[in-house]
1. How many residues, within region 37-70, are in contact (Cβ under 8 Å) with a residue 12 or more places away in the chain and closer than 16 Å to residue 15 by Cα?
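The values are calculated or read from the model by the stated rules, or taken from the named source; none is laboratory data. This structure is a prediction, so every number in the text was calculated from the model and none was measured. All Cβ positions, glycine included, derive from the backbone under ideal geometry; neighbour counts span all protein chains shown.
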């Protein structure tokens, strides 16, 4: 599992700043839609919500690293 996360982080690092911002916006919109559909009618695998939240956290962390200079 740790290797999969490392691969995702490497993919996020390869994006430019604008691509990263677009990916964050798209992921947040996708999460919002998924949470709404889950509230109306429970989805088959609710763990997808958790994985999407974590993906957004990884993206935002990469954005923060870039702005702070680390």
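1. The number of residues fulfilling the criteria is 8.
Table: residues versus (1) surrounded by 14 or more Cβ atoms within 10 Å (Cβ to Cβ); (2) in a helix (DSSP H, G or I); (3) at pLDDT below 95.
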| site | (1), (2), (3) |
| --- | --- |
| 28 | yes, yes, no |
| 33 | no, yes, no |
| 42 | no, no, yes |
| 52 | yes, yes, no |
